[in-house]
Each structure stands twice: as C-alpha cells, then as structure tokens.
Amino acid sequence: MGLHPLEFSECYLDSPAFRDKIKSHEAELDKTGRFIKELYKDGKNLINATKQLSLAQKKFAQCLGEFKFEYIGDAKTDDEKCIDESLQEFSSFLRNLEDQRELMMRNITETLMKPLEKFRKEQLGSAKAERKKYEKETEKYYSSLEKLLNMSAKKKEPQLQEADVSVDVMRQHFQETSLEYVCKLQEIQERKKFECVEPMLAFFQTVFTFYHQGYELAKDFDHYKKALQINIQNTRSRFEGTRSEVYELLKRIKESPQEYRQTSPISSEGYLYMQEKRPPPFGSSWVKRYCTFVKEQKILHMKTFDQRSGGKLGETDSVTMKSCVRKTTDTLDRRFCLDIEITDRPGTVLTVQAVSEDDHRFWMHAMGGKEPMQYLNRTHSRERGIDAQLDDVGISFVKNAINAIEARGINDQGLYRVVGVSSKVQKLVSFMIDEKTNEIDLAVCEDWDVKTITSALKLYLRSLPEPLMTYELYKEFIVPAKSASPESRVQAIHCLVHKLPEKNRLVLSLVTKHLANVAANSKQNLMTVANLGVVFGPTLMRPQEETVAAIMDLKFQNIVVEILIEQQEKIFGDAPSSSPCLATTPLSAPTRQSKRLSRQNRPLAVYNPQVLDIQTVSPSFESSALGNDETSVVSDESVSSQSSNASGTPPEKSKNHHATISTSMLESTGMCSATASWMNNASPASLTPVKPGSVGKEKNKPEESVTLMKAKAVYPCEAEHDSELSFQVGAIFHDVTLSREPGWLEGVLEGKRGLIPENYVEIL
C-alpha cells in the first residue's frame, strides 16, 4: 500500500489519522528533496571532476538505483510501473558506461541540473512554504478557539457575537489553508514522477550523443527510450485529467463545506472538550479529545490529541452512553455544552463542550438529541442541466451524431479535444433529445459545426442519470486495469461488458466502434487511442462517490476505455467464453522470459529527448481552445494492452508511424532553448541511432529502388498482431525489405509475408 489519498473532507475533521497521513506525504517530499539535492551534487562532480569521473558515476548510479517513487492509491498503471523502474534502468546504463573514460558532458547543466533544481526550488520549495503557512494557521486557529471557549457566557451579546465571528473567520481561513495544502501535497506527489524522470532522459541523451562508441550501446536503449517516452506522456496526460477533476471537487467543497463534512451511518466523530473535575481547591480543567461515537452500541471513544504539541497521541478511553442532555449556561458558564450520562459508572455525568453551535447540533443529533441536522441527509447526485435519458430518442441522437462526425470531420485535428461553445452545445443536446425536434440529420445540416456535435455527444453521455458502464460494475471494471495481465484484462472486460444492460451495451458498442474509427485516422486528427482514453474515460464510466481517492482511479478508467477501443470487434462481436470472469482475480503481468536478454550482450541506444518520435501537432491546435478534460496531450500509442517489460528485454516492437518534432514544437512543449539550439548545431549522425544498412541516409530523402535481401532470426518472437510474423531462432526470411514502420522489416516466412522486428534478425 502506498501513500494514502488525502480527502478534502478530512480537512474539516482534522483527525489524528489525517495528520498522520499528512506527515507521510511530507516525509516523502522531504525524501524527494534530499534525493534531488544529492543528484544535483553528483552531477556537479561529473562536470568539475573529470579525473574522478569513474567514482562520481558509480555514486550517481547508486543514488538512482536506491530511490523509488511512492504512489497514491492501492495500485499503479503499467506506465507508472515503468516510470518507477526507470531509475533502476538508468542506474544500469551508467554502470555499463563506466569503462569508457572520455565522456563529454557539455550539456549536462542545461539538460539535467537546471530542470531538477527548478523542480526542487519551485515545487518542493512551494510545498515547504505551504507547510509553514499551514502550521502557523493551525496554531492561530486553535489558540483563538480556546480563548473563545473560555469566554464567559455572561458577557454582553455583542461581545460574544464579535468573538464568534472572529473565530469563524479564523476557522474558515484555517480550513481553506488546509484544503490548499492538501491539494498541493498530492499534486507534487503526482507531478514528481515525470518532472524528475524527464531530465534524466535528457541527461542520457547528452551522454550517449558524445560517445563514438555509443552506437553499439544505442541499439539496446532505443526500445526503452520509446516505451518510457510513451509512459511519461501517458502519465502526464492522465495527470492533467486527474488534476482538473480534483480542482473541480476542491471548488465544490469550498463553496459548500458543510455538505462535504465526513459523516457515516455507523459513527460520528470530531473534537469535544471534556470537563475533568479535580479535588478542591483546584476546581476543574477542560481537555480536548478526539471523539468517535458508535451509534448502534452507543459507545463513545475518546482520544487525547493536540495538533500544537507535534501531534502526540495521549490515552484513549471508552464509555457507554445512557442519555445525552443539553447543558444550559444557567448551570455552567460555558456555551455549546452537553451532559452525557454513562452506564459504566452509574450516576456519573460527563460534561463535554462542542467547538461551535453547528457542532453542538451535530453531536445532539448524533447522540439522540431532538435538534435536526439537515446536512446529514444530503445526497451526492450531480446537478444536471440536461434531462438526458438512455431511451430510443437518446440512442437515435448518438447514431445521428456519430454519422455526422464520421461524414464531416473524422480528420479534423483535435477531434473531441477542441470544444464547442457551451451555450450552443447545450442547445443542440436539448434540441436533439426532444421528440418534437430531433428529426434533423446532422450529417447534412451545416447549422451545427463538428466541434459542437462532438461536445454535444460527450455532454449527453455525461448527463445520463448513470454512466454507460454503470455504478454497479464500476469497481469490477477497474480491478483488471489495476492488476491483471494484458490478455486477462481483455478477457475480464469482455465478460463485464456483457453484464451491462442491453441498451447500455448497444450504445457503448456504437461509441467505441466510432472511437476506433477516429483512432484509425490519428495521422490526420492526432487523436490516438491513448488520447481518446483520456477524453472518454470519465465520460463512459465514473464512480458514484466524489472523493480524491475515486479521482485517483481516473487513470485506470482511461485504460479500460483504451482496451474497449482497441479490442472493440472482439468484445462486442463475440459472446464471452464460458470461463468465469477474471475481473476480481488479481494477476501479475507476464515477464515474457522468451524475449529476455542479458544487457551485456545487447547494446544500448542513443537517446535524444528532443527528437521525439511522436506525431507533430499543428500550431493551430492549441491548448487554449480546450476544456478542463480536454488538455492537449499527444501520445505515441496506448500501452494499456501491452505488458510492462522490465529492463534487460530486447527492444520492444514499435507499432506506430512516427514523425519528428520540429525545434519550434520543442520550445512550445517546454524544452529549453539552449538544448534546442544545440540540437540544430549537432550533426545528424550524432543525434539518431544508425540502422543496419542505413548509415549516411537522411530521414527525409526519397526511398531508392527496393533491394530484396535474406535475413536470419537471432531471437525468437511471438506475433502480437495479424500483420506480424512469429518465428524461432534460426528462421530464414526471404524477400526482406525495409518497412515504412520505423524499426521494422517486411519479409516472407513459410509463404506468409509480414512484419519483422529489425533488431531480432541479422541480414545474410
């Protein structure tokens, strides 16, 4: 189990457990800060101490290998697993480089040192500032609260009201500070995964580029670079979606904090001040306790805890309540008091004081008082301005919209990411779900542009009373995305889809088939399966509760939707097998030992993070035109249905066409100008891996006449798609040519022509 999610609702309870969770997050950030400082120091040694290069490199590798990222929640995605293992991979790469003494590290300052130091100062530094602010507000609030509670009830009413208002303002300020601090902690915990790893990728590019001997090492690193770049891009994309959802929840909680106070049908909890009587002449004292009242057994658990004393826990006591009576100020010069009669010691009455009038009513209601608590019966339903239903009219609109999009805008860049005007979108949805006005054919009607239709389709699906994949099956869909192997994920989701109600399954089939068509045109519209997963993850499925923990599962929703798109024909075309569903059976991903190689036998690859093999984004496709859940992120491919290969495996097979990003695109995506400038001055041979038979060939030159060759398999391979060939070591391929797919060849084996991974064979 990793770090616990910090629920915003817990900021209002400020319980001991909540403070303990905050300490865990703070400790993790402190550890990260120490790690970055150590990494920065080691990088300086590489620059300034060439004579001690070997020693510095060993220490640097050790520092990388020993650090591990903590994660929020109970599971990691395949991308996060690869990112978590990446530092160990980098450590291994460095150990292989130790024998080579002539390192040229002229760009290490720009590509590694500055980004890490910037992250440490800006992100971790801001977290420390927020921490000090939070501790200061804690001290101010609880001090003022005790002064208020010690104030005599006989003072004039204006004085009492003024004191109440003052404490309420401090309470609100403290709670807002707490909410912002909790949000900041979790944001940095998620951000560090790619903010710390990406500079390391750039560092490795610098090292390998200046190695003439790096061509041999480059061949084995290239596959890992591509896969990790996809992992980082997918993680960043999911982070943006998750962050927007968290900020929406934060906004709703700030607007109505009482509605999100943590309540339970089983127990109630919060702080009470207990009156402890002492022998004369000492009188009595009041001690703050964190209390949990179990309603059915009428047991009150009391735990001594003071945030200002470093959060040290005191003794715990439990009593059984017999009755609860309001205590008036006529008998005790304190407000918000209750008399609790307990059965453990007959005749004993325990006097307690709540922290406010609202809190007083809360405890009266929880313990059987007569004052009502309106907010206990709140519901979690979302407000919807659109009365959407999954009926024949709604299904007709879905079909109409899909036909229009595929007829008029299947190749539009940023399809489903570029949003329409909100008023027009709502007007179109209302128009199309009205039986009197829904007969219009959107495919031929020019009154509604494509982005308005795509946004209307998403709005309709989100406005349904229940998501297409239902609240009931939500957790079952999430389980295989968290723990199963790629094959069993598909099997489990296949089975679960056929548990959906008939109309839900029909509409889900229509939508995913359409999204598969969109992804098939990703060269033109830039909407890959991974991008569509980010957009439609929270649209097709969502949890019923609104908590930070639920939002952290958003990345797994995206994975489920990616699988539905990639495996649409299988999932919706055939009924599931008679074998039981694997959705609730945690499975570990296969290691694919048949493809595992020793790193000493397989060279690394030159990695250039500037020359990214991802599709070029058009300048007109800017993130400013996007909504919260439509943040512009372009990924190479979805890795939801691929296994997460560990270090030491042969290069993974690339499945997408790639286009090289321009220098202007590098600068727009945040790459430093110095690095981009260095790229422009570097020779092409120093920046890209050399493929067999392609030395001196420029990427953009037209292909010359095709030469047929023979090749022999040096590693076994199992095909993952119909277009690929399966073979064993020693297999001979005929009529071998270079494929248009980077890193692939085409050849004939046993009469069948198909794709062959270039680094699995040798040319005869």
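A short reminder: the numbers here are calculations on the coordinates, not readings from a lab. What you are looking at is a predicted structure, and each value in this text was computed from that prediction instead of being measured. With ideal geometry, Cβ positions are generated from the backbone for all residues, glycine too; neighbour counts draw on all protein chains shown.
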Checking the cross-link filter: which aspartates and glutamates have an alpha carbon closer than 17 Å to that of K451, excluding same-chain neighbours under 8 positions apart? E406, D412, D441, E622, D629, E630
Using alpha carbon centers only, region 144-172 is separated from region 521-552 by a whole-angstrom value of 48
So what's region 1-80 giving for Rg/Rh, alpha carbon basis, Kirkwood Rh from the mean inverse pair distance? 1.17
Proximal charge balance of D164 [Cβ under 15 Å; K/R count +1, D/E count -1]: 0
Using θ = phi - 60° and the Karplus relation 6.51 cos²θ - 1.76 cosθ + 1.60, list the HN-Hα couplings for region 742-747 in order, rounded to whole Hz, with x at every Gly or Pro. x, x, 10, 10, 10, x
How big is region 152-225 by Rg and Dmax over its Cα atoms, in Å? 28.3, 87
Given the pairs K140/K322; K156/K322; K140/K184; K21/K555; K147/K327; K44/K128, which are separated by over 29 angstrom at their Cα positions? K140/K322; K156/K322
Identify the GluC sites (Glu not before Pro) of region 34-138 meeting these criteria: DSSP loop state and at most 14 other C-beta atoms within 10 Å of the C-beta. E98, E102
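D for region 1-43, whole µm²/s, Stokes-Einstein with Kirkwood Rh over alpha-carbon pairs at 4 °C and 1.567 mPa s: what number?
Result for D is 109 µm²/s.
Compute and list, largest first, the equivalent-ellipsoid semi-axes of region 491-571 from the alpha carbon gyration tensor, each √(5λ) rounded to a whole angstrom.
Values: eigenvalues 85, 62, 21 Å².
Semi-axes from the Cα gyration tensor: 21, 18, 10 Å.
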Compute the Cα gyration tensor for region 309-363, then decide on rounded, prolate or oblate, letting a ≥ b ≥ c be the square roots of its eigenvalues: rounded whenever a/c is under 1.5, prolate when a/b is larger than b/c in the other cases, and oblate in all that remain. oblate
At a Cα cut-off below 15 Å, give the aspartates and glutamates reachable from K76, other chains included and same-chain residues fewer than 8 away excluded. D84, E85, E190, D553
Determine which aspartates and glutamates satisfy two conditions relative to K59: a Cα distance under 12 Å, and not lying fewer than 8 residues away in the same chain. E38, D42, E98
Would you mind calculating the gained length between S143 and S739 on full extension (0.36 nm times residue separation, minus the Cα-Cα distance), in nm to one decimal? 207.3 nm
Whole-Å distance, taken between Cα centres, linking region 737-763 and region 437-488: 39
Solution diffusion estimate, µm²/s, Stokes-Einstein, region 716-764, Kirkwood Rh from C-alpha pairs, 20 °C, viscosity 1.002 mPa s: 200
Using C-alpha positions alone, give me the convex hull volume of region 460-519 per residue in cubic angstrom. 99
The Cα radius of gyration of region 424-480, divided by 2.2 N^0.38 Å with N its residue count, comes to 1.44
Could you rank the peptides 7-20, 387-400, 183-196 by their average count of other C-beta atoms within 10 Å per residue, with the highest value first? 183-196, 7-20, 387-400
Could you work out how far the C-alpha centroid of region 312-338 sits from that of region 339-371, in angstrom? 5
Local charge sum around I410 (other residues, Cβ-Cβ under 15 Å, Lys/Arg +1, Asp/Glu -1)? +2
Given points 7 Å out from each Cα along the Cα-Cβ axis, report the E341 to V169 separation in nanometres with one decimal. 4.3
Environment charge at I763 (Cβ cut-off 9 Å; Lys +1, Arg +1, Asp -1, Glu -1): +1
